[in-house]
Amino acid sequence: MTAKSFLLICVVGASSIGIASAKSYSFTLSAPAKAGSTLLKAGEYEVTVKGDQAVFTSDGGKTYKVAVKVEQSDKKFASTSIDTNNDTIKEIDLGGSSTKLTFGQ
């Protein structure tokens, strides 16, 4: 095996570990709500963070990508919670982490 081949295998392996380790967080919306400019229907969702986007996946398999600001809190959140105002998601605190997602208009 050449050094080039070995390096390629390492890079591919390391990048797939990052993809596999993307954690998802489950939550349920009891009523429709907007995340940014995207309307999410009532139902169960999983959210993952990919860079500056939140990717919502509905229980039916449909995905929605929404621009998000990822911030770190000084405390760890016990559970995933959603802060809404007038049927608009303002913030999602990701349970088991100190990460919070804030949404613009």
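What follows draws every value from the coordinates through simple rules; no lab data is involved. These numbers come from a predicted model, not from an experiment. Cβ atoms come from the backbone with ideal geometry, glycine included; neighbour counts cover every protein chain shown.
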Task: Sole exception among (1) closer than 12 Å to THR38 by Cα; (2) among the β-branched types (Val, Ile, Thr); (3) within 10 Å of the chain's Cα centre (by Cα) for ILE89, by number - done: (3)
Open item on the list: Which pairs turn up if I take residues in the range 43-71 that are closer than 12 Å to PHE27 by Cα and look for partners that are outside any strand (DSSP E or B) and polar (S, T, N, Q) with beta carbon separation below 9 Å, at least 6 apart in sequence or on another chain?
Closed with: GLU46/SER24; VAL47/SER24; VAL47/THR80; THR48/SER24; THR57/SER24
